[in-house]
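Taking it in order: structure first as structure tokens, then the write-up.
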Ligand SMILES: NC(=O)c1ccc[n+]([C@@H]2O[C@H](COP(=O)([O-])OP(=O)(O)OC[C@H]3O[C@@H](n4cnc5c(N)ncnc54)[C@H](O)[C@@H]3O)[C@@H](O)[C@H]2O)c1
């Protein structure tokens, strides 16, 4: 496909996830190309642009949104900014890929969905687990009937805590590990089971090791009760030593499957001296390590961005939408309320005037 036909993309943000977006478009370049980046810290957008071969850079994302050729923007900025950035991008007529979690409140989620609908632009939710090759294979087998009636889907994501200070600041993040990584597991179980109605949510939260730097939860266990009888079990931690863990378990009356994202794609390695890079959030490369290869591909990031670009061209229908993000947001609110009150919380659950999900837990601490 010629450059003229490819979807022109602008990225908002220039750090961790923005790098993944840029690299993902580079890995699958036939549908889209990144033509601009915006990030407020002087020098960061320029450095990012030079590193990724992007021709234009801005310190104010609104200036980038004024560029007429940009068709789609990806939002890789802190959670508290997702809603206002989405509204600005929609008003500028751009299609939107918004990172997880969708936003802070259900009112914001409604606004984002409504504005995008009114402006005729797509709101796509960057949940890469819908595109993770191993997990896609598990879902395909389940949909083919391999496990019969599925009664339990588990998703687990754990490491020793995020890289940037804003994640630890609940004002800007909206919550701790349950919000940051539980949002993946909630979306995963919902998607895997074919988006059944969620009846109730039960959640346990704790701050085991990082109480010195956050008011947020650093460990979470959440049970989602779906219509039809299946349960989702979402387990997340920022208290886990030894690097990153991301895995699923699926159980049905006729079978089961397990997938470990990193272990099955890693080289059991021993090194006395260390080496360059093992895997996201690995604390060391000395001693025994499990370096991964084709990391972004195994997560599904390039496939995800490729799919979203195809949606802009009308070649695909979005598989992860603002509506999915809103369901996840409601479960986050219900989960924090459940952990705070020690109760099972029935859905629909729409608390009014609560600024961030974690407030419902902190109110009871
Ligand atoms: N899908 C995933 O697996 C995944 C992984 C990591 C992060 N994320 C999500 O991506 C988002 C960004 O996280 P991150 O890890 O890249 O954080 P980060 O701190 O590494 O980067 C945040 C970026 O946002 C920029 N930013 C802040 N204010 C801005 C503004 N007003 N205008 C434009 N840019 C602004 C910062 O300058 C920085 O470049 C978060 O919502 C996070 O939850 C998703």
Residues (over 27 Å from residue 131 (Cα atoms) and surrounded by 13 or more Cβ atoms within 10 Å (Cβ to Cβ)) located in the stretch 261-272: 269, 271
Could you check the stretch 29-49 and list, in sequence order, the residues that are more than 15 Å from the ligand (Cβ to nearest atom) and either in contact (Cβ under 8 Å) with a residue 24 or more places away in the chain or within 26 Å of residue 281 (Cα to Cα) (or both)? 30, 31, 32, 33, 35
Those residues of the stretch 56-93 which are away from the ligand (no atom under 14 Å from the Cβ) and either modelled with pLDDT under 95 or within 23 Å of the chain's Cα centre (by Cα) (or both) amount to 71, 72, 90
What's the total number of residues in the stretch 1-28 that are within 13 Å of the ligand (Cβ to nearest atom) and at pLDDT below 95? 0
Filter result (assigned to a loop (DSSP other than H, G, I, E, B) and at pLDDT 95 or above) within the stretch 34-48: 39, 40, 41, 43
Could you list, in sequence order, all residues of the stretch 248-264 that are touching a helix residue (DSSP H, G or I) at 6+ places or on another chain (Cβ under 8 Å) and either under 22 Å from residue 195 (Cβ atoms) or outside the structural domain of residue 281 (by TED's automatic domain parsing) (or both)? 248, 250, 252, 257, 259
Any hit, the stretch 141-156, residues being assigned to a helix (DSSP H, G or I) and out of contact with any strand residue (DSSP E or B) (no Cβ under 8 Å at 6 or more places or on another chain): yes
Per the filter on the stretch 349-365, residues part of a loop (DSSP other than H, G, I, E, B) and out of contact with any strand residue (DSSP E or B) (no Cβ under 8 Å at 6 or more places or on another chain) are 350, 351, 352, 353, 354, 355, 356, 357, 358, 363, 364, 365
Within the stretch 121-129, is there a residue that is outside the structural domain of residue 332 (by TED's automatic domain parsing) and over 29 Å from residue 230 (Cα atoms)? yes
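Matching residues to (1) surrounded by 19 or more Cβ atoms within 10 Å (Cβ to Cβ); (2) in the same structural domain as residue 252 (by TED's automatic domain parsing); (3) within 12 Å of residue 335 (Cα to Cα):
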site: 189; (1), (2), (3): yes, yes, no
site: 197; (1), (2), (3): no, yes, no
site: 200; (1), (2), (3): no, yes, yes
site: 203; (1), (2), (3): yes, yes, yes
site: 206; (1), (2), (3): no, yes, no
site: 209; (1), (2), (3): no, yes, no
Pairs please, first residue from the stretch 70-81 and farther than 9 Å from residue 172 by Cβ, second anywhere and in a loop (DSSP other than H, G, I, E, B) and more than 11 Å from the ligand (Cβ to nearest atom), Cβ atoms under 7 Å, 6+ apart in sequence or on different chains. 70/94; 71/94; 72/94; 73/94
Top-ranked residue in the stretch 138-156 [being under 30 Å from residue 78 (Cβ atoms) and out of contact with any helix residue (DSSP H, G or I) (no Cβ under 6 Å at 6 or more places or on another chain); ranked as farthest from the ligand (Cβ to nearest atom)]: 154
Hits in the stretch 265-288 (condition: in contact with a strand residue (DSSP E or B) (Cβ under 9 Å, 6 or more places away or on another chain) and in contact (Cβ under 8 Å) with a residue 24 or more places away in the chain): 265, 266, 267, 278, 279, 280, 282
Residue list for the stretch 57-66, restricted to those being touching a helix residue (DSSP H, G or I) at 6+ places or on another chain (Cβ under 7 Å) and surrounded by 15 or more Cβ atoms within 10 Å (Cβ to Cβ): 57, 58, 59, 61, 65
Among the residues of the stretch 273-280, are any exposed (fewer than 13 other Cβ atoms within 10 Å of the Cβ) and part of a strand (DSSP E or B)? no
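The values are calculated or read from the model by the stated rules, or taken from the named source; none is laboratory data. This structure is a prediction, so every number in the text was calculated from the model and none was measured. Using ideal geometry, Cβ is built from the backbone for each residue, glycine included, and neighbour counts are taken over all protein chains shown.
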